[in-house]
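What follows draws every value from the coordinates through simple rules; no lab data is involved. Predicted, not measured: the structure shown is a model, and the values here were computed from it. When we count neighbours, we look across all protein chains shown, and the Cβ atoms used for this are built from the backbone with ideal geometry, even at glycine.
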Amino acid sequence: PDLLRGAAKGGPGSLSEGFRGARPASAIASTAKSLAPRPGQVQKPLPQRPESALQRRGTSASRARIVAAQQAAAQQQQQQQHEPRPRGLYDDPVQPVRDSSADEGEIKRLLTLYMRQRQMLQDIQKNRRRAPQNLETELRALDQSLARQVRATNTLFFQRFDEPQLERLIRATPYMKLSQGRWIFAEPPLSAEWPPARGDRAFLLLSGVVSLYSHPQGAGLKTQIFPGDVFGDDQLWAGDEMLQSHIAGAAQAEEPCIVGVLTTQLLHTAFADRAIGNRRIVQKALKAPAIAKVNGGPSCETGEAGTAMVSAFQALTQYTANVHVKQGQQILSPEPLDQSVLFLAKGRVSVRADLHLVEKFALQAPQRSRLHVFVEKAEGLAGDSWMDRLDPYCIVKLGEYKRFQSPVVWNAGKNVTWDYSGTFTYGGEEELEIVVMDRDMMSSDDLCGAVSIGLGAISDAGWTGSVQLKRPRKNFGFGDASAEEAAGKLFVSLRWELEPPAPPRRAPKERLFPDQTLLELEEQQCWGHETVALGVDLVRMLERSGEALPYSVHLSDLRLISERKKGGGTNEDTTFWKVSGHRFKHFLQSCGKATLFAKECRLELAQKQTQVKEVVKGLISKWEAQEKQAEFWGAASFTPEEEAPMDPSLFMVAYRGVKARICIKNAINLPGGSWFDKLDPYAIVRFRGSAQELRTSVLKDAGGEPFWDCEGTLTYGGEAALEVAVFDYDRWSSDGLVAEGEVSVNQFFQGFEGTVKLEPAGGGRKSKWKRAKQMAIIISIAWSPLLGGSEEDEYYSEDFQQSTARSGWPPRHGHGGA
């Protein structure tokens with residue numbers, strides 16, 4: 001009424017607040033009927049207003065969904081309670097966020113008193129009487145108290161209003177106080193308390209419980225809502241944000257309740273100061289560092305480019321939402337914050353997250369696990385003569401115990417070809433020694449030449465080439481005794497077998513630092529523009545700040561918290577201007593600044609990563625200091641205990657039933673028999689006490705240097721040793737035991753490749769032969785994973801091994817490999 005006569009501007013009953021740009025016409029329309037009529041009375045429809053930026057959207061689509069729901073309910077009305085709810089009837093784009101300080105009983109008491117006081121004041125003003133001062137004071141106090149309580153019912157929704165706007169909303173909102181069973185909105189024959197919508201409208205439940213039905217006639221699926229929920233039968237938009245939490249066909253009061261009616265005209269009244277506020281947004285937002293740099297500095301409203309940005313920003317402000325956050329509260333949004341751009345207009349904001357640090361073990365290069373040696377040939381060996389041609393063989397040594405020996409090539413002379421290969425388990429040895437010897441049946445073997453190859457100079461790719469053999473010079477008592485002479489060339493190939501580094505024996509250290517402040521935003525700074533301009537995940541980009549640190553960074557629950565401004569008051573709100581990401585992207589394209597703005601965003605993103613990196617460094621230093629202090633006082637440490645390394649006793653239990661792959665390569669220095677009965681050797685390998693055995697083929701007339709190159713598998717049963725025996729096959733009598741040896745569990749529990757010493761047999765028919773040279777057999781042992789054998793293990797089945805031994809496969813000639 002005060003607006004009609006143009007008096008009492010800014011009073012407790014006024015909606016204009018006495019500032020320029022207010023809209024008294026919409027305010028008068030909103031307060032034409034301040035209270036809902038009694039049941040049975042007819043209320044005049046609200047006058048239609050011209051559509052504006054805050055207009056309804058998607059009404060036809062919503063009604064189409066409701067009509068579809070009506071048809072479905074008519075066909076399946078009896079079964080609807082047991083069916084899943086129809087899609088689109090209960091869309092939840094905005095879920096209410098309630099504050100713990102919300103008190104439903106206090107809201108109900110304040111609303112009842114407030115409506116009575118407001119009606120009394122309006123009756124006094126209609127009768128052109130002067131309102132008592134205490135009545136206006138009480139009404140102003142009720143405005144403020146009710147605003148605080150109502151804001152707490154739905155923090156997400158009411159963050160869009162500052163204090164004056166929320167008070168205007170409360171004063172201009174029509175309220176309905178309904179008894180139990182009343183229908184808020186529905187279709188005939190139900191008697192609803194509110195007429196059919198003529199324009200956008202929604203309802204805000206302030207007290208009580210309301211039931212929503214999917215069918216406009218009160219049937220179908222049912223759900224209950226509580227104070228703070230916004231509901232309606234159509235969509236209501238404010239800018240780019242939809243206000244409803246629930247969309248339904250009908251609504252009924254389950255208990256006495258108080259409901260406020262929200263319309264677009266009511267929102268125009270609450271946001272009547274946006275006519276001035278939009279110009280303020282343009283002026284301050286263009287001074288934001290990220291935008292001012294791409295527009296030529298602070299004087300961004302001058303020049304052709306500046307005019308284009310101002311015009312584009314003026315169009316953008318029509319869809320800008322103001323967000324007002326109390327100190328200490330989180331900034332809420334119906335959609336993820338990375339889909340919007342926020343401009344900090346007033347206050348200070350901290351970016352917080354739960355920061356999880358996980359230790360990164362030092363990156364290691366692939367380790368050298370095996371060395372494959374291929375001895376091809378030798379040329380120009382020393383010691384050859386026409387009366388006694390060389391019978392050469394070569395011995396390859398790695399370290400003190402690892403060695404293999406090639407077969408003897410009889411009467412080869414000074415140029416010999418072996419084409420022999422062997423494999424060593426590499427344990428960090430520095431040199432590989434190769435010795436070429438001349439076999440002498442009547443005396444000790446003679447040295448033809450030797451060479452040492454430094455393994456440190458061999459790259460991971462391997463090496464192929466020739467080396468110079470040398471031997472001591474014969475001086476016959478004169479000259480330097482250490483002098484050497486050339487003894488021919490040896491052609492060799494070396495190849496490394498690499499494997500990934502062994503996994504760490506303990507779990508990585510990790511620690512969660514909750515609610516850590518990563519960044520701070522001051523006035524005129526932006527948030528979210530990097531994601532929109534660059535199309536990157538901001539959280540992942542901030543996590544990359546720990547790439548150069550010994551700990552990996554993981555961020556969760558990233559949030560923006562309003563903080564007290566330096567030098568500011570404790571009750572000052574933080575104000576954000578929020579615009580959707582696709583609107584802001586269109587703004588950049590319309591003013592032609594998208595490329596330049598993206599460049600500035602990359603620089604700002606790098607600065608934010610640097611700031612987060614400094615925060616992480618500080619937490620790591622704090623963590624390490626706490627560890628040192630805990631170690632000093634004997635307290636529990638954050639470092640997990642290392643797993644105990646595998647030892648033979650644990651191995652004998654853990655690897656029971658696991659298959660061992662065994663390769664029997666060759667034997668050396670066996671007694672060769674006589675001129676008329678050469679040795680026909682074969683070898684047998686078994687775990688001590690086990691009935692399962694691996695047997696090689698018989699090599700007829702092989703002599704003392706047999707070459708089997710036989711592979712197979714044996715099942716380990718927890719035995720303490722692997723026994724090896726070499727026999728001489730005799731067609732007309734029992735086979736004779738030539739030599740035997742064993743490998744203890746201490747040697748093979750981590751795998752084994754090398755030479756096993758053989759001792760003469762105690763009871764064989766050739767045990768009387770005594771050899772001056774040490775007999776040995778070259779074997780390798782590898783273990784299958786604990787989870788089970790591979791397909792190759794199945795290939796080497798027991799039947800296949802037996803058939804291999806009988807048929808003499810594989811052939812005697814070829815390249816061996818462990």
Two pseudo-spin positions, 7 Å from Cα along C-beta at T595 and at E484, lie apart in nanometres by 6.8 nm
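Label the range 404-451 by shape, choosing from rounded, prolate and oblate, from the square roots a ≥ b ≥ c of the eigenvalues of the Cα gyration tensor; if a/c is under 1.5 it is rounded, and otherwise prolate applies when a/b is larger than b/c, oblate when it is not.
Numbers: a/c = 2.32, a/b = 1.81, b/c = 1.28.
Cα axes put the range 404-451 in the prolate bin.
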Reciprocal of mean inverse Cα separation for the range 371-525 (Kirkwood radius, Å)
19.1 Å
Can you give me the distance in nm between label points at N746 and D354, each placed 7 Å from the Cα along the Cα-to-Cβ direction?
5.1 nm
Just name one of G462, G488, T423: the one whose Cα is farthest towards the positive end of the charge dipole of the range 385-494 (beta-carbon charges, Lys/Arg +1, Asp/Glu -1).
G488
Say each of K628 and T112 gets a label point 7 Å from the Cα, pointing the same way as Cα to Cβ; how far apart are those two points in nm?
6.7 nm
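Can you tell me the length gained on complete extension of the stretch K700 to R140, counting 0.36 nm per residue apart and subtracting the Cα distance?
Result: 190.0 nm gained on full extension.
Rg to Rh for the range 350-398: what is it, with Cα atoms only and Rh by Kirkwood?
Rg/Rh for the range 350-398 comes to 1.60.
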